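Here's the structure, in structure tokens; my notes come after.
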Amino acid sequence: MLMPVAEKNTRTTPPSPGVAHLYDRYVAGDPKQRAAYESHLDNAAIARQICELRTRAGLTQRALAKLVGTTASAICRIEDANYQGHSLSMLRRVAAALDARVEVRIVRARNARPAGGSLSRAR
């Protein structure tokens, strides 16, 4: 993630009652829906951070694109919360142009199967 932007953490901020209801109804308990939901949160966070860093730097999408060596439409796509094609190399180039850096963390997924084993313990 691009870290210099101070923002509320959407993964720990309690959701509104309406959002909680929708999550419980359509996402909770369905691994595929949960994966899609988590992916969307990640994409939206990346888009928001890049947009905030760019605007704080006083840059247009076109100006940032010139610094990065790409097109304004590519920057526009990266700042789109629904964009799913982020590459680490492009995120690093954008971050560098914004005097930031990318941090990647790999964490164990909730309810993940242990490596080489199953979820059930020996009985």
Open item on the list: Tell me yes or no: at least one residue of the stretch 57-67 is under 15 Å from residue 102 (Cα atoms), part of a helix (DSSP H, G or I) and of a type in the set (Gly, Ala, Ser).
Closed with: no
- [ ] Evaluate the stretch 74-95: report whether one residue or more is touching a Pro at 6+ places or on another chain (Cβ under 8 Å), at pLDDT below 95 and surrounded by 11 or more Cβ atoms within 10 Å (Cβ to Cβ).
- [x] no
Open item on the list: For the stretch 31-50, give me each residue that is in contact with a helix residue (DSSP H, G or I) (Cβ under 9 Å, 6 or more places away or on another chain) and either under 19 Å from residue 73 (Cβ atoms) or not in a helix (DSSP H, G or I) (or both).
Closed with: 46, 47, 50
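The values are calculated or read from the model by the stated rules, or taken from the named source; none is laboratory data. Just so we're clear, the structure is a prediction, and the values are computed from it rather than from any experiment. Please note: Cβ atoms are built from the backbone with ideal geometry, for glycine as well, and neighbour counts cover all protein chains shown.
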